[in-house]
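Notes follow once the structure below has been shown.
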Amino acid sequence: MKIRYVIPLLLAGILIGCTQTSEESSTKETNQKTQKNNQQDSGNQEDTQSSQTQEGVVFKELNAPWNIVREGETFYITEREGTIVKGKQGDYERMRLQLKKDVIAEGESGLLGMVLDPDFKNNKTAYVYHTYAKQNQATNRVIAIKEEGHQWVEERVLLDDIPGATIHNGGRLEGGPEGALYVTAGDAANPELAQDIDSLAGKILRITSEGEPFKGNQKGYVYSLGHRNPQVFVDDQLYASEHGQSGHDEINRIEQKNYGWPTIEGKEQADGLVTPWYEVGEQSVAPSGVATAENTLYFATLVGQRLQTIDLETKQVKTIVENQGRIRDVWIDETSIYYITNNTDGRGNPSADDDRLVRINR
């Protein structure tokens, strides 16, 4: 598979993106503001005491990693330019993808979310979300891929024609109850699409493993709407992080409702629209991957350059990792927390061994 950088194709998205913030560069000014500002919600002050201990690098020298999944002791990490890293502690290989449509990686587009089939041990099938060029326009699709030796081969298309751009592609995949597959789709730098029930953009979509609309959706593939650039995690409850336009980043408990973008944002209210379960206030942190364990939600932040937790009852926020640069995703098991840095994507300040998959004790 060839990896292409399609700058002319996405020029319109770049121009639109100049007027909207998303994952934002980690500039010195942003870093200073992040250090100075504590997040507040309903009077709860953030506890900024770091609890990072016994930190260990699992992989290093990753290329703009995006998503963590694991089967047994083996990690699979997508890299935005179109490769998947597979391996265990200190030992990994970079696997190519044989796809029918070339991955394009420009801005926030590329190879993004990945989830393993529930029967992965036997069928070696996974699902990925990636950007490609369709009629000279950035477009996203969800496909099934199969691990064959040292590469992945495309099997079939589950969902196509998800609007794309250089920003706001969404891209997270998560498995849910009864075989459901949740897909996050950003507004593709066109906010009005988030309120258009007939568009796939600005939505959380729910499909079957065969690519059919899941029974009980609001309409077609649409599970919830009114999203700007959601990132989702499914446990007993569906959660999504969301970037605000200027601050007011959100974490939402997702139901089959309308979450308001662009009609409302932050703590604004309107009939029939959902106000966030939690929002960070004026200072953006750009939340990304999320995970939950023992009444705690963990969320990675890009601009905020921290891994943080929020108590699901009190909404008290704590920082557990900082001073590692941009953090893209988080994975949790019984004893450990794993996270990936995201300093090599053109918006960070990479060190010699970036990017890294890192483990800390819970």
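The values are calculated or read from the model by the stated rules, or taken from the named source; none is laboratory data. What you see is a predicted model, and the numbers here were worked out from it, not measured in a lab. Glycine also receives a Cβ, built like all others from the backbone with ideal geometry; neighbour counts cover every protein chain displayed. Each accessible area value is taken on the protein alone, full model and side chains, heavy atoms only, with ligands, DNA and RNA left out. Shrake-Rupley method; radii C 1.70, N 1.55, O 1.52, S 1.80 Å.
Brief remarks on what is shown
- Test: residue in the stretch 59-82 that is without any contact (Cβ under 8 Å) to a residue 40 or more places away in the chain, on the phi < 0 side of the Ramachandran plot and part of a strand (DSSP E or B): yes
- Answer residue from the stretch 325-362, given it is in a strand (DSSP E or B) and of a type in the set (D, E, K, R) and is nearest to residue 115 (Cα to Cα) among those: 329
- Within the stretch 129-146, the set of residues being within 11 Å of residue 110 (Cα to Cα) and out of contact with any Asp or Glu (no Cβ under 9 Å at 6 or more places or on another chain) comprises 129, 130.
- Any chance residue 167 is without any contact (Cβ under 8 Å) to a residue 60 or more places away in the chain, open to solvent by less than 20 Å² (accessible area, probe 1.4 Å) and not polar (S, T, N, Q): no
- Exclusive hit being within 17 Å of residue 23 (Cβ to Cβ) and either open to solvent by 20 Å² or more (accessible area, probe 1.4 Å) or among the aliphatic types (A, V, I, L, M) (or both), set 97, 112: 112
- Residue match in the stretch 304-312 (condition: of a type outside the set (Lys, Arg), open to solvent by 10 Å² or more (accessible area, probe 1.4 Å) and in contact with a Pro (Cβ under 6 Å, 6 or more places away or on another chain)): no
- In the set (1) open to solvent by less than 30 Å² (accessible area, probe 1.4 Å); (2) at pLDDT 95 or above; (3) small (Gly, Ala, Ser), residue 270 fails one condition alone, (1).
- Of all the residues in the stretch 285-324, those that are more than 20 Å from residue 167 (Cβ to Cβ) and not in a strand (DSSP E or B) number 9.
- If you go through the stretch 247-264 and pick out every residue that is part of a loop (DSSP other than H, G, I, E, B), open to solvent by 40 Å² or more (accessible area, probe 1.4 Å) and of a type in the set (D, E, K, R), you end up with 2.
- Scanning the stretch 313-344 for residues that are surrounded by 24 or more Cβ atoms within 10 Å (Cβ to Cβ) and among the acidic types (Asp, Glu) returns a single hit, 329.
- Scoring residue 252 on the criteria (1) under 21 Å from residue 360 (Cβ atoms); (2) polar (S, T, N, Q); (3) free of Cβ contacts under 8 Å to residues at least 40 places away in the same chain leaves a single failure, condition (1).
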